[in-house]
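Right, one structure below, let's go through it.
The values are calculated or read from the model by the stated rules, or taken from the named source; none is laboratory data. Here the structure is a predicted model, which is why all the values come from computation and not from measurement. Because the Cβ atoms are built from the backbone with ideal geometry, glycine has one as well, and the counts that use them run over all protein chains shown. Just so you know, the surface numbers come from the protein's heavy atoms only, side chains and all, with ligands and any DNA or RNA stripped out. Shrake-Rupley method; radii C 1.70, N 1.55, O 1.52, S 1.80 Å.
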Amino acid sequence: MKRKFVTTREASFSCGVSTQFLKKNRDIHGGFLEEEVHYILGANINSSILWDVDEILKTFHERGKTIRRGRELVRNLQKERFEAAKNNLKGSE
């Protein structure tokens, strides 16, 4: 399948985020959007950055799943610790 690249403005609209969010989350700024995977640079310094919306949305989806799994693990650990502490209190009475 041929990749389709769009301008920053079009990508931000399609992804539901700001243009600054896309730019700030590029790998060169410590972000998770990778050059040649999520975006490509133009031929000269004044050229627009071009974005692969499909790849960006896949990455957003995977990051969202990871965050939700992480939160669930934290909740479960907190619940286990609470139950263990409660059982310890019952045992010391």
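Structure data summary
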read-out	value
Scan of the stretch 35-47 for residues that are open to solvent by 40 Å² or more (accessible area, probe 1.4 Å) and either touching a Cys at 6+ places or on another chain (Cβ under 6 Å) or in a strand (DSSP E or B) (or both), ordered by number	E35, I40
Residue that is on the phi < 0 side of the Ramachandran plot, open to solvent by 100 Å² or more (accessible area, probe 1.4 Å), over 12 Å from the mean Cα position of the chain (by Cα) and among the hydrophobic types (A, V, I, L, M, F, W, C), where the choices are L50, L73	L73
Which listed residue, of K90, K58, K24, K4, is in contact with a helix residue (DSSP H, G or I) (Cβ under 8 Å, 6 or more places away or on another chain), open to solvent by 90 Å² or more (accessible area, probe 1.4 Å) and free of Cβ contacts under 8 Å to residues at least 60 places away in the same chain	K4
